[in-house]
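Data first, discussion second: the structure below is written as C-alpha cells.
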Amino acid sequence: MYKLVAIDLDGTLVTDEKELMPKTIEVIKEASKKGVKIMISSGRSFYRLEKYIDALGLRKENQCTICFNGGMIVENRTKEILYSKNLEPEEIKELIQLGRTLELPIMIYTKNTHYVEKVPQIVQDNKKNLKGMNLKKVRFDEINFNEEINYIYKVCFIDKPKTIIEKRKEIPKEFFEKYEITSSVPEYLEIVKKGIKKSEAIKFVMEKYHIKQEEVMAIGDGENDVEMLSFAGLGIAMENASDFVKEFANVVTTSNNHDGVANAIEKYILKI
C-alpha cells in the first residue's frame, strides 16, 4: 500500500492552462480520505501552490508540500517551515553574474517574492503563470541577501527553450559541480544549492512520518523529477514527459491534459 504520493505540479498535476481537472480533485480527495499523504512537489514557492492545496483539500495537519525543488518543506495547515536551505549571498551574486555573462533573463526567488531587474518576455507572455505571482522589479545589487526576508532559494534563467538548451552548454563545468542545475519546464533553467533535490526532500518527509521507500509513489514529467521518480517505490512519468524522463520511471500514465495523475492514483491506490 502506498502511503505517500509526491506529485509535481506544472506539466503533471495541472493542465497546460494551469488548471486542476475535476477528476483529479475528486480522486485526490478520495485517496486523502483513505489516509494517503498527497504531497505537491514543485519548483514553485509555497504561496503559489496554496490555491491548489486548498482546492485539493490538503490544508490538513501532517500534510506538507515540497517547494523550490526541495529547498523548502512546508506543513500545509500551520505553514510551519519544516526544512529550509537557501543560497548564500556570495552564491547568489555568482549566479547572477553567470546569468549576465550568458545574457539570459534572471529571476530570483525568496519565500514570498520573485525579484527581477526586468520582467522576462516569457513571463510576460504567460498570463496564466503571471497571475498571482508577487513579482517585484529591483536592482539585484541593492538587495541585502543577509536579511531573512531576502533569503534566496532559487535562481532561474528564463528564455525560449532553444536558447536555454544552447546557453546551458556554455555554463562552466564547475557550476554543475557546485550547484543543482535542472529544468521543470523547457523555458526555465533552475539553480539551487548543491544537494537540494525532490528525492532528498521526500526522504525527510519519510523519516518524519515513518514511511518506507516502497510505500512512496512519485508522479512527474520534468528533468527536476527524475531523481524522485527513480527513488520512489513506484515512479510514474506523464505521457507528456520526454523520453529522457520516462527512462527513470517504472510506468507511464496519460498526459496532464488527460487526467494522468487521477488515472495513476485510481489504478495503484484506489484500485479502480
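The values are calculated or read from the model by the stated rules, or taken from the named source; none is laboratory data. This structure is a prediction, so every number in the text was calculated from the model and none was measured. FYI the Cβ positions are ideal-geometry reconstructions off the backbone, even for glycines, and counts take in every protein chain you see. When the accessible area is computed, the model is the full protein with side chains, heavy atoms only, and any ligands, DNA or RNA have been set aside. Shrake-Rupley method; radii C 1.70, N 1.55, O 1.52, S 1.80 Å.
Rounded to whole numbers, the Karplus 3J(HN,Hα) couplings from phi for the range 4-16 are 9, 10, 9, 10, 5, 9, 5, x, 10, 6, 10, 6, 4 Hz, using 6.51 cos²θ - 1.76 cosθ + 1.60 with θ = phi - 60°, and x at Gly and Pro.
Restricting attention to the range 50-147, which GluC sites (Glu not before Pro) occupy a DSSP loop and are surrounded by at most 14 other Cβ atoms within 10 Å? Please report the intermediate quantities before stating the final value.
Details: sites: E50, E61, E75, E80, E90, E91, E94, E103, E117, E142, E147; in loops: E61, E80, E103, E117, E147.
Qualifying residues, ordered by number: E61, E80, E103, E147.
What is the chain's relative contact order, in percent, from Cα pairs under 8 angstrom and six or more apart in sequence? Present the calculation step by step, with values, prior to reporting the outcome.
On the way: 539 pairs, mean separation 56.8, N = 272.
Normalised by residue count, the contact order of the chain is 21 percent.
Placing unit charges on each Cβ (+1 for Lys and Arg, -1 for Asp and Glu) gives the range 33-89 a dipole about its Cα centre, and among G70, G43, A55 the Cα reaching farthest toward its positive end belongs to A55. The trypsin sites (Lys or Arg not before Pro) of the range 71-114 meeting both criteria, a DSSP state outside H, G, I, E and B (loop) and at most 14 other C-beta atoms within 10 angstrom of the site's C-beta, are R77, K79. Comparing I25, I92, I73 in a Gaussian network model of the chain (Cα springs below 10 Å), the most mobile by mean-square fluctuation is I25.
If R0 is 45 Å, what FRET efficiency do you get for E247 and E117 from their C-beta distance, rounded to 0.05?
On the way: r = 38 Å, r/R0 = 0.84.
Efficiency at R0 = 45 Å is approximately 0.75.
Between the beta carbons of D141 and E103, assuming R0 = 22 Å, the FRET efficiency works out to 0.80 to the nearest 0.05. In the chain, the longest principal axis of the Cα atoms and the axis of helix 89-102 are about 80 degrees apart.
I'd like the carbon and sulfur percentage of the solvent accessible area for the range 164-227, probe radius 1.4 Å, heavy atoms only, ligands and nucleic acids excluded.
Of the solvent-accessible surface of the range 164-227, carbon and sulfur hold 50 percent.
Accessible surface for the chain, divided over its residues, is 46 Å² per residue with a 1.4 Å probe. For L135, neighbours were defined as the other residues whose beta-carbon sits under 12 Å from its Cβ, and their charges (Lys and Arg +1, Asp and Glu -1) total +4.
Taking 20 Å as the straight-line reach from the Cα of K178, the lysines in range (excluding those fewer than 8 positions away in the same chain) are K85, K93, K154, K167, K169, K193, K194, K197, K198. What you get for the range 1-141, charging only the Cβ of Lys and Arg (+1) and of Asp and Glu (-1), is a dipole of about 520 debye around the Cα centre.
Collect residues whose amide H, placed 1.01 Å from N in the peptide plane, falls under 5 Å from the amide H of Y83; neighbours closer than 5 in sequence don't count. Residues meeting the amide H criterion: I73. Relative to the longest principal axis of the Cα atoms of the chain, the long axis of helix 198-209 lies at roughly 50 degrees. Across the range 187-192, computed HN-Hα scalar couplings (Karplus, 6.51 cos²θ - 1.76 cosθ + 1.60, θ = phi - 60°) run 7, 10, 10, 10, 10, 10 Hz from first to last residue, x flagging Gly and Pro.
Amide H to amide H, with H built 1.01 Å from N, C64 comes under 5 Å of N76, counting only residues 5 or more places away or on other chains. In whole Å, how far is the Cα centre of the range 130-179 from that of the range 61-86? For the range 130-179 versus the range 61-86, the Cα centre distance is 21 Å.
Within the accessible surface of the range 1-126, defined with a 1.4 Å probe on protein heavy atoms only, the carbon and sulfur portion equals 45 percent.
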